[in-house]
Structures are given as C-alpha cells and as structure tokens.
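The values are calculated or read from the model by the stated rules, or taken from the named source; none is laboratory data. This is a predicted model, so every value here is computed, not measured. Quick reminder, even Gly has a Cβ in these numbers, built from the backbone with ideal geometry, and neighbours come from all protein chains shown.
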C-alpha cells in the first residue's frame, strides 16, 4: 500500500483555499436591504470545502501513478502545444498555427513525420474553411508580424 | 390531452428545414462520437457547445443539435463494444460482455441489429416517458419557493456522484470546489467583485463553457496520452450491414422492454446516469433470464438489455434536467450549460415560458430516433470503418475544434488559456479520483443556488430557520441524508478486502 501523499497534498491545497476563501469573503460588506450580503454564501461553501479537505488529509486514498513512461514526454509536449497555441494564434494566423499544433500533437500521439504534416495541413486548412468560409466565424488568416 | 397539443406544436417547431438538417447532422456526428473510443457523449457535446453557440443558432435549434448528438452517442457506443470489445463510451461497457462474443462467433450483423433495435426501443420509450412524467414533475415543482430550491440543489450536489465507485467525500469536495469557483466574479446582487484579484477578465466569473471544454475534452487528451491508446489501429471485422431474423429479435423483445423500464427509472433518479442504467439492466436481465448460463458467451438478450437500458436512461436523465433544472448526469449537466449560456433559465417555468424549446426538443428526439435507427441499420458499415481512425488523427482534431469553438465565442486568447488551465485541473482531479462533473455542476448552478439562498433569507429577514421550515425542504434534506448514508455504506463495503464477499460488479 502507498502512503496517500497525493491526497494529503491535494487536501492541504484545498484547505488553504477554503481558509483564504473564508477570509477574503469576510471583507465583502453587507449592503443595505440585503440581510445576507455577498459574503454569506462563499462562507457557507468554504465550510464543506475545508471539512472535506481535512477528511482527505486524514483519510487519503492510495496514490495514483503520476508519471507513466513514456506518456510523460508526450504529456509535456502536449502541454507545451496547448500553452503556446493561444500565444501564437493571432501572430501566426489560424491556418498556420493550427497546422503546426496539430502536426506536433499527431507526432506526439505516434504518427510518422509525413503523416503528421499531412494531418496538420488538413486540420489547419479544413477547420479554417469550415469555420471561416462556410460557417462565417471570422478567424485570423494571415500571419501578422506586428507584435 | 393538452400534452398532445403541445407535442403537435413541438413537431411544428422541429420540422423546419433548418432543424431537420441540424437533427440529421447531430445524429450522424453523435453516432461517430459515440462509436470512437476516447470520445464519449460528454466530450462530444462539450466541444460542440461553443460551436453551436457561436453560430448563433436559436435556442431550440442549438438544443436540438446537441440533444441529437447526445442520443446519437448512445446508439454509437455499442458499435465498438461489439466489434472491438472496447466500449465506445462509458455506458456501452456492458454491451461488450455479450456483444463481442457474438461478433467472435460470426454473429456481428445480428449483434449490431439487435442492439440498434434495442437502442431504438429504449430511446423511444424513454422519450414517451419524458412526455408523460416531465409535466407531472413540473406541476409538483411549481410550488417550490427559494428555500425548497436551495434544498433541491443540496440534494443534486450530494447525489451527482452516484452511489457506486467514487469516494463520497471526494464527490462532495468536488461540488464545494465547483461552488467556490462559481462565486468568482461580480456578485450580481450587490455589484461587489469577489475573488477576482483585480483581474478584469475574471469580473464575469469563469465561463462555464470554457471550463467544461477544458475539464472534459482537454483533460481527456492528457489522460489518453498516458494510457497509451496512442496506436489503436483496429482491425475490425468488415461488416457492411446489420441484419437479424425476426425470430431472434422477438426472442430478445422482453429483454428490451425490461431494460428500457429499468434504464428509464435509473435515468430519472438523481445521481444515476446512462452507465448505471445499462449496468442495472444487464444484471437484472441476467438474473431474470439466464437459465442456461449463456450470458457472457454471446446471448443476444445480453446485448439487448443494456443497450435498451442506456438509451432509456439517457432519455430519463432529461426529465429532471428539463423540469427542475437539475441534471442527473455529466452529459445533461453539459446540456444545461448550453441552456444557461443561451440565457434560458431551466426549471419548471421553462415549460411555460419556452414551450418552443421544450416541445420542439421533445419532438425532434422522436424524429432523431427514427433517423438513428435508419442510420444504424443500413449504414453501420460506414461507422465500423471509422473505428479504424487512429488516435493521432482524431485527438489533434478534437483539441483544435475545442480551441476554435472557444476562440470564436470571445476572440480572446485569455479564454483559451483558461480552457487549458481547466484542462490541467481536470487531469489532476481525475488522477486523484475526484470526479469532475460536480465541479461543473457547481460552476453552473452556484449562482442560482446562491440567489435562492439569499432570496429565502431576505424573505425571513436573515433568519436561517426558513431553510428548514417547509415539508418539501425537509423531505429533500432527509432524502439527501439517506442517499449519503447509502453511498457511505456501499463505499465501506467496497473497500473491504477482496474475498470477504463476492462483488456483484464482476460476476
């Protein structure tokens, strides 16, 4: 059996959140004509949040396996794509950014280089056509290097 | 009889050219989404919500599209269960038990046909049940005041995790977390910004749609990467059509009917979704009619019962969602998110205020079933061929549709970051076996729960006793306590060392 450290850490984080929530809610003043005000409900929610966090700290379940090789590498790469994509979407334009992101994701999921590239072009171009041209939702087309 | 009048009106709404096309597209997409392992009804509906939303469809049309996807998923899930022994989505798990053995014996066409017909029977009966029972529940709920609604929400949060599987403490923790996240933003009643830390993008609170797509679709990709489904290249048997002889269908008619009733009840009850519906339908049917030990070895009734069960449960789950505004399952919670973001308040008044939406939806569900049975009998070959789509082609597509959908609502990279953040949160929660659906429910219903809480207290002038005064409210709290007691009891039984008692789930 494992020691349940994961649940304890999660419990501690959520307990801190509950306490912070309670304290922050205390600053919200009661306005006139409203007997409860904006603070009561957050406090009401903070109580079970804190109590169940404590439960998690004292009665944790066994730990899950966090790092499953070689999945971690893929997860890290995927996460990088997910974070970079919103940054690059407007500078690079939708088709290019989407093609790049899909190609990398496909490669991470085990596609050969050529297949990944073809898929990237298909997804980037296809979604642009469907969403921008057919459905009429404007998407940034061309790279704009004004950033 | 007034119900029939409403239904006729509903058919008038459903049979506009646009809505017919949307229903057809929804059924087709739904069957594919259901059939592909790794994409379930929750993910499918979640990634399509922002698309429907940004297309600015009328509320009735958007709901028709997504509900047809939802019903389609329930039909599609069985295809990969039967052909590959991998459930296409969670509710189709039980269909593997007899469906795959049938396919191995060369009876794939029969299994596909019987399960399609069972899906049809279950879904049609459940839709009829929806027509009959939802108005009754509305008539009951119309008497609810703020205190009763508050109690109802408490019940909904306590029961959303279901009675089996998850640790009840984690379900409740997830609900509290969702409610806490739901209070972020400007308080609508006093105008005070809460927990925004001066970030002005947070003044509107967390967008439920952004959170849903992140929590379900993005986290799914991260989970999938480590489970190593990266290279599913399925060698499914070539099946061009589904066919069964009348005699075989007749032999499993009883199983279909019993499965439908069990599934519908499971769907209506809080905290039970399609998965539990098909599980109960299968186990009950096995207990009832497995006289010669043929279940698990390719008995057609073992395919018919769970399929009727999960489709009936899907319809049943719409009853509390439409009439009370309280979803009983993940997918109906996501459908509720659609309603809320279209500015439609779910609940008993929905039937009065938005008859077009409710009855148009119900009418198109009837229509969808006929479309789906037509698609699933002759066109099943097309769907089985799609099972060969590799994950590396499917998942980038899913991620990009999620991005494009969210981006086209607000054109803000900030929302895309929020989506990714919720994706990571969803992944961590799932690793810790903390369910994600209560978080979503908290985000969705938190505002309404709070406004009922405050309305009740302003009626009483701040006296908390008002929350426990009416019979209905007390009844709901008692129900909540009973449910929690049952969940804790079952949870403790499950954690006993193996061998102490045979597990009903694995027989």
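Some notes on this structure:
- Single residue of B:50, B:37 found to be more than 16 Å from the chain's Cα centre (by Cα), touching a residue at least 24 places away in the same chain (Cβ under 8 Å), buried (at least 19 other Cβ atoms within 10 Å of the Cβ) and part of a helix (DSSP H, G or I): B:50
- Residues in region A:1-31 that are more than 10 Å from every other protein chain (Cβ to nearest Cβ), over 25 Å from residue B:167 (Cβ atoms) and either touching a strand residue (DSSP E or B) at 6+ places or on another chain (Cβ under 7 Å) or modelled with pLDDT under 80 (or both): 1 in all.
- Verdict on residue A:123 being at the interface with another protein chain (Cβ under 7 Å from one of its Cβ atoms), assigned to a helix (DSSP H, G or I), surrounded by fewer than 19 Cβ atoms within 10 Å (Cβ to Cβ) and modelled with pLDDT of 90 or more: no
- Comparison of A:94, A:52 shows that the only residue that is surrounded by 17 or more Cβ atoms within 10 Å (Cβ to Cβ), facing chain B (nearest Cβ under 9 Å), closer than 22 Å to residue B:427 by Cβ and in contact with a helix residue (DSSP H, G or I) (Cβ under 6 Å, 6 or more places away or on another chain) is A:52.
- Residue within region B:154-162 that is modelled with pLDDT under 90, surrounded by 22 or more Cβ atoms within 10 Å (Cβ to Cβ), assigned to a helix (DSSP H, G or I) and within 14 Å of another protein chain (Cβ to nearest Cβ) present: yes
- Qualifying residue in region B:444-456 (condition: under 16 Å from residue B:213 (Cβ atoms), more than 11 Å from chain A (Cβ to nearest Cβ) and in contact with a helix residue (DSSP H, G or I) (Cβ under 8 Å, 6 or more places away or on another chain)): yes
- Condition met for residue B:12 (in contact with a helix residue (DSSP H, G or I) (Cβ under 7 Å, 6 or more places away or on another chain) and either without any contact (Cβ under 8 Å) to a residue 12 or more places away in the chain or part of a helix (DSSP H, G or I) (or both)): no
- Qualifying residue in region B:354-361 (condition: surrounded by fewer than 21 Cβ atoms within 10 Å (Cβ to Cβ) and over 30 Å from residue B:11 (Cα atoms)): no
- Residue match in region B:102-115 (condition: within 22 Å of residue B:319 (Cα to Cα), away from chain A (no Cβ under 14 Å), in a helix (DSSP H, G or I) and out of contact with any strand residue (DSSP E or B) (no Cβ under 8 Å at 6 or more places or on another chain)): no
- Residue match in region B:226-234 (condition: more than 23 Å from residue B:107 (Cβ to Cβ), modelled with pLDDT under 90 and in a helix (DSSP H, G or I)): yes
- Residue within region A:69-82 that is closer than 30 Å to residue B:399 by Cα, within 20 Å of the chain's Cα centre (by Cα), at pLDDT 90 or above and more than 10 Å from every other protein chain (Cβ to nearest Cβ) present: yes
- Note on region A:107-120: residues that are at the interface with chain B (Cβ under 9 Å from one of its Cβ atoms) and in contact with a helix residue (DSSP H, G or I) (Cβ under 6 Å, 6 or more places away or on another chain) amount to 8.
- For region B:381-434, a residue qualifies if it is more than 27 Å from residue B:199 (Cβ to Cβ), more than 10 Å from chain A (Cβ to nearest Cβ) and crowded, with 23+ Cβ neighbours inside 10 Å, and the qualifying residues are B:383, B:384.
- Inclusion of residue A:104 among residues that are farther than 28 Å from residue B:183 by Cα, in a helix (DSSP H, G or I) and more than 9 Å from chain B (Cβ to nearest Cβ) is not warranted.
- The listed residue being free of Cβ contacts under 8 Å to residues at least 24 places away in the same chain and part of a helix (DSSP H, G or I), out of B:258, B:247: B:247
- Some residue of region B:324-340 being part of a helix (DSSP H, G or I), over 25 Å from residue B:423 (Cα atoms) and in contact (Cβ under 8 Å) with a residue 40 or more places away in the chain: yes
- Qualifying residue in region A:36-49 (condition: modelled with pLDDT of 90 or more, part of a helix (DSSP H, G or I) and either exposed (fewer than 14 other Cβ atoms within 10 Å of the Cβ) or more than 8 Å from chain B (Cβ to nearest Cβ) (or both)): yes
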